[in-house]
Each structure stands twice: as structure tokens, then as C-alpha cells.
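The next block holds one structure in the form of C-alpha cells; read it before the comments.
The values are calculated or read from the model by the stated rules, or taken from the named source; none is laboratory data. Remember, it's a predicted structure, so these values are computed and weren't measured experimentally. With ideal geometry, Cβ positions are generated from the backbone for all residues, glycine too; neighbour counts draw on all protein chains shown. Side chains included, ligands, DNA and RNA excluded: accessible areas come from the protein's heavy atoms. Shrake-Rupley method; radii C 1.70, N 1.55, O 1.52, S 1.80 Å.
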Amino acid sequence: MKPAQFEYHAPESAKEALELLAELGDGAKVLAGGQSLIPMLALRLTVFEHLIDIRKVPGVRGIEDRDGAVFGGAVWIGAGTTQAAIGRSPLLAAKVPLLTRATPLIGHFQIRNRGTIGGSLAHAEAAAEYPAVALALDAVIETLSPRGPRAIPAAEFFTGIWSTALEPDELLTGVAFTVPDGRAGYAIEEFARRPGDFAVAGAAIAIELDSAAGDGAGPDARISRCGIGLFGLGPTPLRAAAAEAAVTGSLAADVRTDAVAREIGQAAMAELESVPSDLHGPAAYRKRVGAALVATAWRRAINEASSEASNEALGEEAVND
């Protein structure tokens, strides 16, 4: 298949891109990496009369440490930054490791060389990794429109199937991830039929411990924050809010058992209202897989946060799983 005819635009500034969006209206679509949009156009799943390529727009690429900036201690990533660049970044590996760990799960390396974080978030694919990571980490989406800049919490960004809170004349410019002060643990798990396929189900978990016990690793350390992002398990990326609330405030030592991990997995699935049922698996199957993935991710994240699991122990756990 070939896409329907469209007019290609390559603005060289954010101002020019916004003017095009305002002028062309609903007939225009922003092109970032194109790794989701172009296949959809080729299959005629969607049609746009104009594509606005933002690769030449300055200020929408790069990775910056914004410690002490408006978002507090945070790392900012430009919307046009490729997934490959994110995967290679030492700064992100140190400060936003969940994003680094999610990156190799996205498609294939050719896709990651062109695909961008802004494109992934704006496309809002329910089975994609980055949107779920953004939810688990309470990321803030930065946008720009003729009315000025706007900051949208990830929890308010994904509104439906392939739809977001972006206005028609609004350009996604970047995303900010807050860096925790204390000890934290992260894990992402997914199951796909083949490497590179969209996930049948997946879970991204971020756990932060309080600092009441010095460095947060003592026996009295409690979970001060927990984010459980789910993907492939609904029409949009989701947060398992009830499961998060159930463990927040708990002693870390009390929630490190396999039994608790399974309970958290089941609690996360109990919240789901509209689980997909398709050729990749019926809803009941996805929920069983999802519960197991949440449990596995939980064990890895809480062990890392507690800083008591050695690499050898983690390797043994992977074999047992």
C-alpha cells in the first residue's frame, strides 16, 4: 500500500511550525520520527493532507540535566530526541534508568534510530513502552502553542485510543522527568509474541523509599512513592492506582516476598475495565500475563530500591521466572 497524497512541510523554527499548524488545522499532522505515523499512512489507517516535519526545528532535541530548574531536580529530553540517543545516554542511565531499560524493548534498532520520544508519546499507542514509563515516573509533557508554553502531567496526557490532550495547534516540545532524592528501584517487564512486536502485556514500575532511615535502605525504610504503569492492557497506557496506594507507606522489608508480589500483580489487574481481546490473546489471557509481569517487575524494583539484591541473585530470579 501507498499513502494518500499529502503535502510535505519542513519548518525551520518552532514559530513556523506553529503557524503551519494554525493555518492548516485538522488536515495537518506533525511528523517526528515517523515510525508509527508512516506505516499507518501507508496502510490507509489514517489520512492527512499535510505533514509537518519538525526535524529542522531547533530546541526540540537533546538531553539536559535541569537540576534546580522550574521542575526541581529533573532531566529534560527534547521531543525530537531519538530513542537510540536515549538508550545511549549516560545521564539517563544514571538518573532516569527506567527509560534506559525500556528503550531496547522498542521495535528494532533501525526503528530506534529514527523513532523519537515525542513521537511515541504523541502517538499514544496503548502497547508502547515510553507512555507507560512516563506515567510510572509522573513525567511532565511540555508543549508550545500560539498561546504560549504549557506543562501537562503524564496522568492527564493520554485521553483515548491514539489520542492525547494536545490541542490541534499545539506542538510537543519536550518531556521532563523528576529525579528522586533518595533510594529508588525500577523495572520494566513485557511479553510479546516476537522480539520487536508490540507487547501483549507489560508493566513499568518505579519505587522510591523514604530517607527516615538515613540512606533509605535500613530496616525501617518505607515506600514513599510507587508508580505502576501498564501497557497492552487497555485502550490507553494506564496506572494501577489502587495497587500503588495499597503499598505506599509499607515497610520495604514487608513487601519483598513472592506472595506480596503476586498480590500486587492481581490487584493491578483487578482495576482494569477494558482489556483488549484480539488475535494476540483474549482479555483473560492478557490479565494473567499482566499479573505475572507486574509481580516480576515488582520483585526486581523493590530489591533494587532496598539495595540488598546482588547481581547474582537477580540472575537466579530471572532463571526461576
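How about segment 69-131: which helices (runs of 4 or more DSSP H) wholly inside it have at least 3 residues that are touching a helix residue (DSSP H, G or I) at 6+ places or on another chain (Cβ under 6 Å), more than 20 Å from residue 207 (Cβ to Cβ) and touching a residue at least 60 places away in the same chain (Cβ under 8 Å)?
Working: elements: 83-88, 90-95, 97-102, 109-114, 117-123.
Once the helices (runs of 4 or more DSSP H) in segment 69-131 are filtered for at least 3 residues that are touching a helix residue (DSSP H, G or I) at 6+ places or on another chain (Cβ under 6 Å), more than 20 Å from residue 207 (Cβ to Cβ) and touching a residue at least 60 places away in the same chain (Cβ under 8 Å), nothing remains.
Would you call residue 206 open to solvent by 60 Å² or more (accessible area, probe 1.4 Å) and either part of a helix (DSSP H, G or I) or over 19 Å from residue 126 (Cβ atoms) (or both)? Can you show your working first?
Working: open to solvent by 60 Å² or more (accessible area, probe 1.4 Å): no; either part of a helix (DSSP H, G or I) or over 19 Å from residue 126 (Cβ atoms) (or both): yes.
Against the criterion (open to solvent by 60 Å² or more (accessible area, probe 1.4 Å) and either part of a helix (DSSP H, G or I) or over 19 Å from residue 126 (Cβ atoms) (or both)), residue 206 does not qualify.
In segment 6-25, is there at least one residue being part of a loop (DSSP other than H, G, I, E, B), under 20 Å from residue 123 (Cα atoms) and open to solvent by less than 30 Å² (accessible area, probe 1.4 Å)? I'd like the intermediate steps shown before the answer.
First, the residues of segment 6-25 that are part of a loop (DSSP other than H, G, I, E, B): 6, 10-13.
Of the ones still in play, those that are also under 20 Å from residue 123 (Cα atoms) are 6, 10.
Right, trim to open to solvent by less than 30 Å² (accessible area, probe 1.4 Å) and you get none.
No, that holds for no residue.
To keep it simple, each residue is scored yes or no on (1) within 27 Å of residue 295 (Cβ to Cβ); (2) of a type outside the set (Gly, Ala, Ser); (3) part of a strand (DSSP E or B).
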position: 141; (1), (2), (3): no, yes, yes
position: 144; (1), (2), (3): no, yes, yes
position: 152; (1), (2), (3): no, yes, yes
position: 166; (1), (2), (3): no, yes, no
position: 175; (1), (2), (3): no, yes, yes
position: 181; (1), (2), (3): no, yes, no
position: 188; (1), (2), (3): yes, yes, yes
position: 195; (1), (2), (3): yes, yes, no
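Among (1) over 15 Å from residue 199 (Cβ atoms); (2) touching a residue at least 24 places away in the same chain (Cβ under 8 Å); (3) in a helix (DSSP H, G or I); (4) of a type outside the set (Lys, Arg), where does residue 294 come up short?
Residue 294 satisfies every listed condition except (1).
Quick check on my filter: what residues within segment 140-162 are open to solvent by less than 40 Å² (accessible area, probe 1.4 Å), over 19 Å from residue 86 (Cα atoms) and in contact (Cβ under 8 Å) with a residue 24 or more places away in the chain?
Pass one, segment 140-162, residues open to solvent by less than 40 Å² (accessible area, probe 1.4 Å): 140-143, 145, 148, 152, 154, 157-158, 160.
With the extra rule that they be over 19 Å from residue 86 (Cα atoms), the set shrinks to 143, 145, 148, 152, 157-158, 160.
The answer is 143, 145, 157, 158, 160.
Read through the list (1) surrounded by fewer than 18 Cβ atoms within 10 Å (Cβ to Cβ); (2) of a type in the set (Phe, Trp, Tyr); (3) modelled with pLDDT of 95 or more, then give the number of the only condition that residue 76 fails.
(1)
Which numbered condition trips up residue 135, out of (1) part of a helix (DSSP H, G or I); (2) surrounded by fewer than 21 Cβ atoms within 10 Å (Cβ to Cβ)?
(2)
Residues being small (Gly, Ala, Ser), buried (at least 17 other Cβ atoms within 10 Å of the Cβ) and assigned to a helix (DSSP H, G or I): count how many of those fall in segment 226-244. Please lay out each step first, then the result.
Initially, segment 226-244 is screened for residues small (Gly, Ala, Ser), giving 227, 229, 232, 234, 240-243.
From what's left, buried (at least 17 other Cβ atoms within 10 Å of the Cβ): 227, 229, 232, 234, 240, 243.
Next cut, assigned to a helix (DSSP H, G or I) only: 243.
The qualifying residues number 1.
Specify the residue that is most open to solvent (accessible area, probe 1.4 Å); the eligible residues are those in segment 182-199 that are over 22 Å from residue 245 (Cβ atoms) and at pLDDT below 95.
So the first thing to find is which residues in segment 182-199 are over 22 Å from residue 245 (Cβ atoms), and the list is 190-199.
Filter once more, so that each one left must be at pLDDT below 95: 192-199.
Details: 192: 25, 193: 122, 194: 151, 195: 116, 196: 31, 197: 39, 198: 125, 199: 6 Å².
Filtering first and then ranking leaves 194.
Could you pull out the residue among 32, 28 that is closer than 21 Å to residue 169 by Cβ, within 18 Å of the chain's Cα centre (by Cα), buried (at least 20 other Cβ atoms within 10 Å of the Cβ) and among the aliphatic types (A, V, I, L, M)? First the steps, then the outcome.
Values: 28 fails: within 18 Å of the chain's Cα centre (by Cα).
One residue alone meets the criteria, 32.
Tell me, yes or no, whether segment 245-254 has at least one residue that is part of a helix (DSSP H, G or I), open to solvent by 10 Å² or more (accessible area, probe 1.4 Å), farther than 17 Å from residue 135 by Cα and in contact (Cβ under 8 Å) with a residue 40 or more places away in the chain.
Yes, some residue in segment 245-254 is part of a helix (DSSP H, G or I), open to solvent by 10 Å² or more (accessible area, probe 1.4 Å), farther than 17 Å from residue 135 by Cα and in contact (Cβ under 8 Å) with a residue 40 or more places away in the chain.
Give me the pairs, please: first residue somewhere in segment 277-289 and more than 11 Å from residue 233 (Cβ to Cβ) and at pLDDT below 95, second residue anywhere and open to solvent by less than 70 Å² (accessible area, probe 1.4 Å) and among the basic types (Lys, Arg), beta-carbon distance under 9 Å, and either six or more positions apart or on two chains.
277/286; 280/286
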